[in-house]
1. When the solvent-accessible surface of protein heavy atoms is calculated with a 1.4 angstrom probe, in what order do Ile385, Ile127 fall, highest first?
2. Residue by residue through the range 151-161, which ³J(HN,Hα) values in whole Hz follow from phi under the Karplus form 6.51 cos²θ - 1.76 cosθ + 1.60 (θ = phi - 60°), with glycine and proline marked x?
3. What is the set of long-range amide H partners of Met368 at a cut-off below 5 Å, with H atoms built 1.01 Å from backbone N?
4. Classify the range 299-372 as rounded, prolate or oblate from the Cα gyration tensor: take a ≥ b ≥ c as the square roots of its eigenvalues, call it rounded if a/c is under 1.5, otherwise prolate when a/b beats b/c and oblate if not.
5. Given axes a ≥ b ≥ c from the Cα gyration tensor, I'd like to know whether the range 51-110 is rounded (a/c under 1.5), prolate (a/b larger than b/c) or oblate.
6. Can you pull the semi-axes for the chain, root of five times each eigenvalue of the Cα gyration tensor, sorted largest first, whole Å?
7. Quickly work out the Val319-to-Glu285 label distance, labels modelled 7 Å from Cα along the C-beta direction, and quote it in nm with one decimal.
8. Once ligands and nucleic acids are excluded and a 1.4 Å probe is used, how much of Asp536 is accessible, expressed in Å² to the nearest 10?
Amino acid sequence: MGTKINVNINNLFSLNCDMGTNVGELVHDYKKVTGKDVVGAKMGEMIVDFDTKITEETRVDFFDYSCLEGNKMYQAGLKFIMILAVKALWNKTVYFKYSIDKGVYAEIDKKLSDKDIEELKNKMHEIVNYDYTIKKCVTRKQDAIKYYLSTGDAEKATNIQNIPNNFVELFEINHNYNYFYTDMPMSTGEFTLFDIIRIDKSSVALMYPHIDSGDKVPQYNYNEKIHRELDKFSKWANRMDVSYAAGLNKIVSESNIQMFIKMNNILINDSLASIAKDISKKCKEVKLILIGGPSSSGKTTSAHRMCTYLETFGVKPIVVSADDYFKERVDCPKDKFGVYDFECLEAIDLDLFNTQMKDLLAGKSVSMPTFNFLTGEKEYKKDPIKLTEENVLLIEGLHCLNDEMTKSIKRENKYKVFVCPLTPLSIDKHNHLSTTDMRLIRRIVRDNRVRGFNVEHTLSTWHKVKQGEEKYIFPYTGDINAVLNTAYTYELGILRVFAEPLLYSILPTSPYYEEAKRLLCILRNFFPISSEYIEDDNTLREFIGGSIYE
């Protein structure tokens, strides 16, 4: 009989195990006590493989899809299962394109019927029920390249060729191999919750539990305007042969990146000009331009740039910051922990805001406030303003897409613009770049440059930021006039130069080490790009510095 050691499980109970016991052997006991699924495991702050041997007294924490790491792992595993199901049913390929409302948008090179969708879901459930073991395999770089060339996945072979590692990690299910930028559960049996929604003749939404959705798969809400904007940029990326990281890296390596940046900028500017032109045609009726979007979308720069474009079309905007209408600090509501909640709608002095907006639209002169964040009070030091026929009010803020913010103003007097980085670029056909990751990397760079925050601080607050977006922004994107995409196809090459050193500062003992490691793995797929080619009014300047608007 081997030496016995004590293992604490999630601070719920302890097990007396033989030294050398695998972490995976403890999953059954955890499930028996808690009734919860297991997606991954940690020892200390490190995510470990389920075949990791326990050699000393320690604590093991099992987790499911309700945490950040587990949700990423659950998504990746479902994608792998869907790839296998499509191959088994029709010998076709799945292309995961981009994030959508609590899911992933995917295209299949086949015309899909409702019957096909049911067959696909049934095949995926069949793979889940078979409970195949998911194995992590470490293989030589050259062997992985040879494998992907044999399967026709040239972009994956190029990605592996471009990274400096001599060995790569692949995941295997029933002799099928793939890589994802996260770990995986023990087996396919963990992926019981998902849904497939047909969007059109060859595209679907892969839906799975959200971090805050409990054991339910969220409903997919199709947004035509957002989808149309994504499709526009995706088609452009295809024409430029930059749908994948390998295509962008080829442009960098051939010293053609400066011209590509110019072309990409033209595409972004054209969208901005189209929105400004549309507003100019309606400015006799539209008097409030409301700009909203999630964190690190580039709302501030977009608002400034919108002013320039509007003036080009003869419209004279007056910029209003919703933050200037915060309630006095003593009147600000608090959350359940007694901390001031500056993100809720009730933190805004809605009565004052709506009164002043109505007075301006009625042709009255108004003295607008400036909020002093040091004293927590509004100050009235600005000269009074009065709208002319050429003027519009341009308002940027967290709640701008919510009609409750401007409840006293008629809908026909408002023009809502949803700002978000909707990248058409993927690492490869199976690893898309999520909008959330793009914004997080932007925020890491800006937080450090502008506010002096280290990466741990940014990562520690990110979940709360996302919760605020889910509550105060995304539910209101169904009633918008326009979508402004602020994602530059080349931007991860730029951001890598700034973000990589910051992410390397995270130590293995940090609770945010695994997330930093995941982001580093993503960034390593992109060749660094010098910021010297980035113009001073480019949205990226809001994050890396050097903006004309600072």
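The values are calculated or read from the model by the stated rules, or taken from the named source; none is laboratory data. These numbers were taken from a predicted model, which means no experiment stands behind them. Glycine gets a Cβ as well: all are built from the backbone with ideal geometry, and neighbour counts include every protein chain shown. SASA here: full protein model, heavy atoms, side chains in, ligands and nucleic acids out. Shrake-Rupley method; radii C 1.70, N 1.55, O 1.52, S 1.80 Å.
1. Working: Ile385 40, Ile127 15 Å².
Ranked list, largest accessible area first: Ile385, Ile127.
2. 8, x, 9, 4, 5, 6, 4, 5, 4, 5, 4
3. Result for Met368 returns Ile385.
4. Here the range 299-372 falls in the oblate category.
5. Numbers: a/c = 4.84, a/b = 2.02, b/c = 2.39.
Because a/c hits 1.5 or more and a/b fails to exceed b/c, the range 51-110 counts as oblate.
6. Details: eigenvalues 379, 158, 104 Å².
Its equivalent ellipsoid spans semi-axes of 44, 28, 23 Å.
7. About 2.9 nm separates the two model spin labels.
8. 80 Å²
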